[in-house]
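So the structure is just underneath, and the comments pick up after that.
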Protein chains: 6
Amino acid sequence: MNGLVVRHIPRFSAELAGGLAALGVATLHEAQGRSGLMQPYMRPIYRGPAIAGPAVTVLAQPGDNWMLHVAIEQCHPGDVLVVACATENSDGMFGDLLATSLKARGVRGLIIDAGCRDVAALTDMGFPVWSKAINARGTVKATLGSVNIPVVCAGARVVPGDAIVADDDGVVVIPNAAVDKVLSAGRQREQAEIDKRMRLAAGELGLDIYSMRPRLKEYGIRYVDTLAELDD
Amino acid sequence: MNGLVVRHIPRFSAELAGGLAALGVATLHEAQGRSGLMQPYMRPIYRGPAIAGPAVTVLAQPGDNWMLHVAIEQCHPGDVLVVACATENSDGMFGDLLATSLKARGVRGLIIDAGCRDVAALTDMGFPVWSKAINARGTVKATLGSVNIPVVCAGARVVPGDAIVADDDGVVVIPNAAVDKVLSAGRQREQAEIDKRMRLAAGELGLDIYSMRPRLKEYGIRYVDTLAELDD
Amino acid sequence: MNGLVVRHIPRFSAELAGGLAALGVATLHEAQGRSGLMQPYMRPIYRGPAIAGPAVTVLAQPGDNWMLHVAIEQCHPGDVLVVACATENSDGMFGDLLATSLKARGVRGLIIDAGCRDVAALTDMGFPVWSKAINARGTVKATLGSVNIPVVCAGARVVPGDAIVADDDGVVVIPNAAVDKVLSAGRQREQAEIDKRMRLAAGELGLDIYSMRPRLKEYGIRYVDTLAELDD
Amino acid sequence: MNGLVVRHIPRFSAELAGGLAALGVATLHEAQGRSGLMQPYMRPIYRGPAIAGPAVTVLAQPGDNWMLHVAIEQCHPGDVLVVACATENSDGMFGDLLATSLKARGVRGLIIDAGCRDVAALTDMGFPVWSKAINARGTVKATLGSVNIPVVCAGARVVPGDAIVADDDGVVVIPNAAVDKVLSAGRQREQAEIDKRMRLAAGELGLDIYSMRPRLKEYGIRYVDTLAELDD
Amino acid sequence: MNGLVVRHIPRFSAELAGGLAALGVATLHEAQGRSGLMQPYMRPIYRGPAIAGPAVTVLAQPGDNWMLHVAIEQCHPGDVLVVACATENSDGMFGDLLATSLKARGVRGLIIDAGCRDVAALTDMGFPVWSKAINARGTVKATLGSVNIPVVCAGARVVPGDAIVADDDGVVVIPNAAVDKVLSAGRQREQAEIDKRMRLAAGELGLDIYSMRPRLKEYGIRYVDTLAELDD
Amino acid sequence: MNGLVVRHIPRFSAELAGGLAALGVATLHEAQGRSGLMQPYMRPIYRGPAIAGPAVTVLAQPGDNWMLHVAIEQCHPGDVLVVACATENSDGMFGDLLATSLKARGVRGLIIDAGCRDVAALTDMGFPVWSKAINARGTVKATLGSVNIPVVCAGARVVPGDAIVADDDGVVVIPNAAVDKVLSAGRQREQAEIDKRMRLAAGELGLDIYSMRPRLKEYGIRYVDTLAELDD
């Protein structure tokens, strides 16, 4: 499927995207049963941003950013561009010119399983990138890849139109069809944590709030005053 | 020794802890003969904090943070929680709820040889963590580990009650019985550096301050104007 | 060539250095044909600084910073000190005392293929370092290395007097004899990007600006509305 | 989808499997357009074996091999068991007892994105394993995963019933529906190489066999006798 | 504790050592509650050997093998030499001359958390080594370390006189005082596995042998014929 | 210097090559002052071969083996082909067809700072390769690199015509002009070791053979019977 560009992908509303970004990666990852998380080597080039949007995907060749130009034409406002690489690579496939173009089209940010450069400029212009590396090395435009096909990016499968949520904790992928359900589950989860957070802040223990003591006992937990006691 | 919780550990005064935190990791590591340093992959989730306190230790199973809840009950104000993992793991064992609970008990910070999540929230609430990774992936509560047994964390042995000192340079462990002596040696070391720092700032060379020239000569150092000269 | 110190190296003007620093690593790396880049594991200890200057080189032994003291005497104002290591090592060979000395001599910064410590102090005093690791572990002064011989640092060859340029994107080496030509090529490159940046910001596509469509077609690019279409 | 076991998966004939194994990973990876390759860290525990068969998949929790027991019941003669892990883990999830059970059911081999142990015994009994690590550390049976759901294993997506081919070069995944086509393409590829191999063995150059010279010239290749010549 | 050499360490009989070597690393690691395993990057330089013996320990400086010569004098027939490094290092600290000396003293093998060289010669002479790397780079003799002090080697604590067991699966450490108990527990474990191995070889399932079905049910396992079924 | 092919390089005699191969990497690395060693991640695809010859160098683009075809034409019998990569890459750039061609031209082996495939076939045909990875992933022929220019390969600088020596311990580079001198120094070194090996085999200690005791004493070595003794 090299050299393929798919034009139509499912999208979801900016309202849903806002809801996802507000909940954040850790909560949503839990809310969908601990799946869809990219590997933790994917880090933001600067701290702070939290974004969400439908994925436009790119499968790129190592050291070759030609397909990013092709992909930009397929991006709509609110999208998140996701670049997977055909093989492990950390070249700097993305810099401030491409970011200028993406920003002009209203793209929310970039997820790239390779390198990124011009990070000072990207930070100044406020275009968020999650990447595997910061690397000044440039790339060629010599070999075709594909746009909007399913890819594996940093260990997670991304189908075009899936929701991408990214913040300081990393990047999570939510299947397009599950966005509503996961958002909803995430909100319930967050609601449940408010009460717990207050009780914990007041000094109550998780051991009691979650009623862990009986099960710990059943599993054979043993309290001693000192290790020396064990030898008696 | 799985499923064991030891209640009593030696501690040292907040005053000593303050002294250690002020000297910092690099100085104390030198002062105790260059031992006790955790591996450099242990990094603070945000820059700036410098803490010290007696270690409450946890040996956790991979992908399982159950024992952290058990450990919190054993923490006193001023303690530092140290989490070692039974096997290499970077799951996000620790987040803002556990931090809220630790903060309520006056714990100074967390050292975890695994992952940490909710880092934006932790930064906002000012709870310092040194970890191996930032990772949104959550954990189960299914298998017992132990609390307050000796562990190896990031390559350093930690006995409960040992002093943990952590800052932007990393994390160092000082045996409980050696705290006074190492603090003292650290202060002398720091004192000695003040004079050197001023002389170096004034342009004097380390070569002269430390009288290195004779030993360099003895070891055979050879000065030439250019490499070409060697071929003559 | 152990124990060798070369006194005379070629240098270039502060004006040229200023020009290089202003263009930055990514642009200059491109301008010299994508060569000379150090590996991307070389990272600044704090974000922001952009420096350039002639390289004074050190080949150090693992865990031994003796030759750094020797090298400082060979540094002139405006130089950049480059430390390669005879074998892979991440010990903290460099800290605030050596930085004080380098700063007193007007050295612009340090590139070290090993560890750095006292990073809070270095940040406060504004002395920029690009290193492989942050590591509190100290070093001995027991074995000779060399100063101002050609070295391989983080995968790039550095001949004494070569230009070192370092910023948030990494570190690039430019042969001394090529500084003028590369600076010139870099400026042309930057000039050419200004127009493109404006057109991209206005919404024009790289596909059109760079006339990529015919070549993509020639290489066999294929646009479809949906993947399902392919099965028909 | 935790705790899910799917009973029915598509399979393909032993004859096709034999054909795939004979062609090998490198050829088949090319034949299907350079997709489906697992990351190169997946290595055989001993050299020599070349296997192929339909994938029975497991999604396991880190440090927990419970689901392998569940999966074995779903295996048919000729299958290849593929174990993905919910998070990066190298614990020794698999050893000689599980291998004995798999062998008794006619399973051809194991692909595991985690650790393997008892490798001396596995070598003696001739049960081939491709794994991320050799690791004696045992695992618990405490948390559910799933069997025969789509997984990402070592960077490659595996749908149950897909063909797995593994040899000394690594592991490749071929979608079940594409097995015939890829086998066919692989055979053509192999046929084409026989002639080339003989010509190359006879001393002909790839430059001529593949008619590369004109295109190299078009791309600007330049032959010189010595580098010095360039400076003239 | 630099420059310290401890002469007397506890040892255990050759008979016990033989028993440990016969059981192997995986079984003994389980038998002592899954503790004491070195990290899996420790690999034998050639496959096959299985050894056990009391540990003589060395704490060496990076790139410096001086203390190995000091340690050899402290070795008795049947010992295993364990070399930890003060900092991460993979230099080739050990080669055929040191091996000749160790063999002459009846030492069973070497465990080194650094590099090893002359591996062809070591293989020919049958001296087994478990190391972090194979590396031709030689080392100096310039800085003191210590012999027979407690060390952390590849993530495991080793006290002089502890039992070291090493085979194709890796390296495990058993506290000297626990050798009898662990050997005994290991033998029981092995005995128990003989019956299971025969039942598994006969086609019985672990699910039944270990009575896993009820607990899987309790944890909510769910069998379906196809994934499609779930959407109904 | 992209797209450049240099035709003439210095070579040395097959006799000298034989002498180098017989001495081996570890000895020659020492004999030339511990320089020129490639990083230890360069491993032979099968154990046993020991080769030496003048380097024909290639600078290749990531994922692109076009220049290997160009390089083969420049190879003479007895040469060793050295492939450096413009950026970190582990794609399988080399397989049995290229090996057939190199063998036909009398090339002794391949050193490649990237991946290699068809390793079973390469082993069968006895063509030795030292590589960074074994990887079935194929490459394109789309971008020019260069042949016979100086490169940095696996951390070592290689000038065309330099001697490459490779065996089970790794790969070392010796400058063409230094071959005679290093071979000579290597032979002296080997001669000196014969006597030492016999004395060590007879049970004499390195401490005595190398007269280390006085210097150890001077450096402050301290022998105690037990650690407990220190507390008295």
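The values are calculated or read from the model by the stated rules, or taken from the named source; none is laboratory data. This one's a predicted model, so the numbers in the text were calculated from it and none came from an experiment. Here the Cβ positions follow ideal geometry from the backbone for every residue, glycine too, while neighbour counts run over all protein chains shown. The area values use the complete protein model at the heavy-atom level, side chains included, leaving out ligands, DNA and RNA. Shrake-Rupley method; radii C 1.70, N 1.55, O 1.52, S 1.80 Å.
General observations
- Only residues that are in contact (Cβ under 8 Å) with a residue 24 or more places away in the chain, open to solvent by 40 Å² or more (accessible area, probe 1.4 Å) and either hydroxyl-bearing (Ser, Thr, Tyr) or in contact with a Phe, Trp or Tyr (Cβ under 7 Å, 6 or more places away or on another chain) (or both) were counted across segment C:1-21, and they come to 1.
- Of all residues making up segment D:192-211, the number that are at pLDDT 95 or above and under 32 Å from the mean Cα position of the chain (by Cα): 11
- Selection status of C:Ala114, in contact with a strand residue (DSSP E or B) (Cβ under 8 Å, 6 or more places away or on another chain) and either among the aliphatic types (A, V, I, L, M) or within 11 Å of chain E (Cβ to nearest Cβ) (or both): yes
- Residues (small (Gly, Ala, Ser), within 12 Å of the chain's Cα centre (by Cα) and open to solvent by less than 30 Å² (accessible area, probe 1.4 Å)) located in segment E:22-39: E:Gly24, E:Ala26, E:Gly36
- Taking the listed residues D:Asp180, D:Asp168, the one that is under 30 Å from E:Asp167 (Cβ atoms) and away from chain B (no Cβ under 14 Å) is D:Asp168, with no other qualifying.
- Scanning segment E:201-232 for residues that are under 13 Å from D:Val70 (Cα atoms) and polar (S, T, N, Q) returns a single hit, E:Ser211.
- Restricting attention to segment F:204-232 and to residues that are facing chain E (nearest Cβ under 7 Å) and touching a strand residue (DSSP E or B) at 6+ places or on another chain (Cβ under 8 Å), the residue that is most open to solvent (accessible area, probe 1.4 Å) turns out to be F:Arg222.
Here is a yes/no grid of residues against (1) touching a helix residue (DSSP H, G or I) at 6+ places or on another chain (Cβ under 7 Å); (2) more than 23 Å from F:Pro150 (Cβ to Cβ):
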{"position": "C:Gly24", "(1), (2)": "no, yes"}
{"position": "C:Leu28", "(1), (2)": "yes, no"}
{"position": "C:Gln32", "(1), (2)": "yes, no"}
{"position": "C:Met42", "(1), (2)": "no, no"}
{"position": "C:Thr57", "(1), (2)": "no, no"}
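- With respect to being within 14 Å of chain E (Cβ to nearest Cβ), surrounded by 15 or more Cβ atoms within 10 Å (Cβ to Cβ) and either on the phi > 0 side of the Ramachandran plot or out of contact with any helix residue (DSSP H, G or I) (no Cβ under 9 Å at 6 or more places or on another chain) (or both), C:Lys132 fits the description.
- If you filter segment D:80-108 down to residues that are at the interface with another protein chain (Cβ under 7 Å from one of its Cβ atoms) and in a helix (DSSP H, G or I), you find that the one that is farthest from D:Leu144 (Cα to Cα) is D:Ala104.
- Some residue of segment E:23-34 being in contact (Cβ under 8 Å) with a residue 12 or more places away in the chain and touching a His at 6+ places or on another chain (Cβ under 8 Å): no
- Test: residue in segment E:137-154 that is without any contact (Cβ under 8 Å) to a residue 60 or more places away in the chain, at the interface with another protein chain (Cβ under 7 Å from one of its Cβ atoms), touching a helix residue (DSSP H, G or I) at 6+ places or on another chain (Cβ under 6 Å) and part of a helix (DSSP H, G or I): no
- Among the residues making up segment D:54-79, those that are within 11 Å of chain E (Cβ to nearest Cβ) and not in a loop (DSSP other than H, G, I, E, B) are D:Trp66, D:Met67, D:Leu68, D:His69, D:Val70, D:Ala71, D:Ile72.
- Residue check for E:Val107: within 30 Å of F:Gly48 (Cα to Cα) and open to solvent by less than 30 Å² (accessible area, probe 1.4 Å): yes
- Number of the exception - F:Leu28 against (1) assigned to a strand (DSSP E or B); (2) within 12 Å of chain E (Cβ to nearest Cβ): (1)
- Listed conditions (1) more than 11 Å from every other protein chain (Cβ to nearest Cβ); (2) in contact with a helix residue (DSSP H, G or I) (Cβ under 8 Å, 6 or more places away or on another chain) are all met by C:Gly126, apart from (2).
- Candidate set: segment C:40-51, residues that are open to solvent by less than 60 Å² (accessible area, probe 1.4 Å) and part of a loop (DSSP other than H, G, I, E, B); chosen: the one nearest to C:Val165 (Cα to Cα): C:Ala50
- Within segment C:1-18, the set of residues being at the interface with another protein chain (Cβ under 10 Å from one of its Cβ atoms) and among the polar types (S, T, N, Q) comprises C:Asn2 only.
- Among the residues of segment C:63-94, those identified as without any contact (Cβ under 8 Å) to a residue 60 or more places away in the chain and surrounded by 24 or more Cβ atoms within 10 Å (Cβ to Cβ) are C:Leu68, C:Leu81, C:Cys85, C:Thr87, C:Asn89, C:Ser90, C:Asp91, C:Gly92, C:Met93, C:Phe94.
- Taken together, the residues in segment C:155-203 that are assigned to a strand (DSSP E or B) and either open to solvent by 10 Å² or more (accessible area, probe 1.4 Å) or touching a Leu at 6+ places or on another chain (Cβ under 7 Å) (or both) amount to 8.
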